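K.L.:
I'd like to ask you about the structure that follows.
What follows draws every value from the coordinates through simple rules; no lab data is involved. On a predicted model such as this, the values are computed, not experimentally measured, just so you know. All Cβ positions, even for glycine, are placed from backbone atoms using ideal geometry, and neighbour counts span all protein chains on display.
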């Protein structure tokens, strides 16, 4: 795999680190106003532990540590390793209530 | 047909024309009491134990390709029980005990070889951690031996002792660990399960679940619908895809792990050796090839092949402890799809769907777990309650905060 960094151009895989699926969004600390602790626990359980584990095109975070040190969002087919797109990741790790950037 | 020295001699005298199929190739029946999805080591072992230990013989194992064509044929064949945490220790020791009697149980030569495993340590802190692990094992009645540098040098004189950055200071040995022949394990379980009445149905991919009032009542397959009282998944690598057909979302990611084998050389390695300062493990097959591996590639994948950076990393680990292997040519390299769970520990449990059972999340450790996975999963399916040695491998442990994180990495599957 080679990744086309929007800043640095196409670079070899070893320059990048992988974080994982870009889909999970950290829930607000008070799901439904915090009135239901069970719902709150389930929302965080879902965010921390459950994954779609996509077989197909997946949006995922990569970090270009060996280059421009930018966080990137790539669309990649997990069955073939083919990259569909690579973009800068604005607001990586933002929560649902403060979706910085996107 | 029972295999023995006499059956071999008889066959030799008749020109080896008398051998029969090791297992039947039946067409699927319209209904089974239990269907196991996945004809790898775990699925076949489960069917075998269902029939032998729990008296459930109307069982089918459905395999989308040929049996053993997934991770059972893509591992590095190491068996060991050098785990530390409650929940793991007893389970893997149960597995080791089943390995020790497997050939007699199955009447099949699975080439179980207890040639020992030595995990090298390279710092004072790592020695302390290994001593703790060894103590945890011995408290639980498992053999463990902490070796110092002189003892390692005597046993493994060919290692590189001149590495100032990662000096070999000693190792933790489990003498009962070793290797087994991965394909033979699959074939042995298939043959033994078949003899007990289990149908092994190959080239039969499950494409959906049949449900009545929420309960699973069968599966849709590429060879038509098949009814079932209970359905068990044993499809590590593809667990999320199969579970999604039942509407489940799981704490599992699929990752590619590469393994390597060199050209055959004369006997060199007495057992399994692992490098503690990187991630590298190596053994020598009976054919002579050096079989080794290391870390995951690190990204989600269903592709069964990896990339160069992981290969380079593994080879660097190898060169750090055994520079001599730089002179050996690499013969083959392959990738398997690991079911990486969120805490590095497997899941053997019921699912929220009635009649559907889950055996998943084996991470790197699936091969050594094969017999115990089969036994405890069969217990769960037959009795609807967990086997006592697998009672902590629950699906809801993440919600309860009862994760079993042997490596202490947290919910980052590519680091386990």
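K.L.:
Ignore the peptide's own chain and count Cβ atoms of other chains within 10 Å of each Cβ in A:52-64; give me the average, rounded.
P.N.:
Counting Cβ atoms of other protein chains within 10 Å of each residue's Cβ and averaging gives 4.
K.L.:
If packing is taken as the average count of other Cβ atoms within 10 Å, what order do B:361-371, B:293-303 fall into, highest mean first?
P.N.:
My ranking of the peptides, most packed first, is B:361-371, B:293-303.
K.L.:
Once every Cα of chain B carries one equal point scatterer and solvent is ignored, give the base-10 log of I(q)/I(0) from the Debye formula at q = 0.13 Å⁻¹, two decimals.
P.N.:
After summing over all Cα pairs, the log10 values are -1.13.
K.L.:
Compute the acute angle (0 to 90°) between the alpha-carbon long axis of helix A:37-49 and the principal axis of greatest extent of the alpha-carbon atoms of chain A; round to the nearest 10°.
P.N.:
Computed tilt is about 10 degrees.
K.L.:
Just to confirm the number: angle between the C-alpha axis of helix B:182-195 and the first principal axis of chain B, 0 to 90 degrees, nearest 10?
P.N.:
On a 0 to 90 degree scale, this one is about 30.
K.L.:
Using only the alpha-carbon atoms of the stretch B:125-175 as identical scatterers, what base-10 log of I(q)/I(0) does the Debye formula give at q = 0.16, 0.31 Å⁻¹?
P.N.:
Values returned for q = 0.16, 0.31 Å⁻¹ are -0.49, -1.16.
K.L.:
From other protein chains only, count the Cβ atoms within 10 Å of every residue's Cβ in A:80-87, then give the mean.
P.N.:
What the average comes to for A:80-87 is 2.
K.L.:
Give me the base-10 log of I(q)/I(0) for the stretch B:226-373 at each q in 0.13 Å⁻¹, Debye formula, one uniform scatterer per Cα, rounded to two decimals.
P.N.:
-0.66
K.L.:
Can you bin every Cα-Cα distance in the protein assembly as shown into 20 Å intervals starting at zero and give me the percent of pairs per bin, rounded to whole numbers?
P.N.:
Once binned at 20 Å, the Cα pair distances of the protein assembly as shown give 21, 54, 24, 1, 0.
K.L.:
Between the stretch B:12-42 and the stretch B:216-232, what is the separation of their alpha carbon centroids in Å?
P.N.:
That distance is 19 Å.
K.L.:
Also, I was wondering about something else. Inside 10 Å of the C-beta atoms of A:10-20, what's the mean count of C-beta atoms belonging to other chains?
P.N.:
Averaged over the peptide's residues, the number is 4.
K.L.:
Expressed in whole Å with the largest first, what are the equivalent ellipsoid semi-axes of the stretch B:1-160 derived from the C-alpha gyration tensor as the square root of 5 times each eigenvalue?
P.N.:
Ellipsoid half-lengths, sorted descending, are 39, 23, 15 Å.
K.L.:
What number in nm² do you get for the stretch B:123-216 if you take the convex hull of its Cα atoms and divide its surface by four?
P.N.:
13.0
K.L.:
In what sequence, highest mean first, do B:94-101, B:11-18 appear when ranked by Cβ atoms within 10 angstrom?
P.N.:
Averaged packing, sorted descending, gives the order B:94-101, B:11-18.
K.L.:
Sticking with this structure for a sec: Between the stretch B:237-264 and the stretch B:134-172, what is the C-alpha centre distance in whole Å?
P.N.:
33
K.L.:
Further question: Over every pair of different alpha-carbon atoms in the stretch B:157-301, take the mean of 1/r and invert it; report that Kirkwood radius in Å.
P.N.:
19.8
K.L.:
Could you sort the peptides B:242-255, B:391-404 by per-residue average Cβ neighbour count (10 Å cutoff), highest mean leading?
P.N.:
Packing order, densest peptide first, comes out as B:242-255, B:391-404.
K.L.:
To test your reading of the geometry: what angle, between 0 and 90 degrees and rounded to tens, separates the Cα axis of helix B:366-383 from the longest principal axis of chain B?
P.N.:
30
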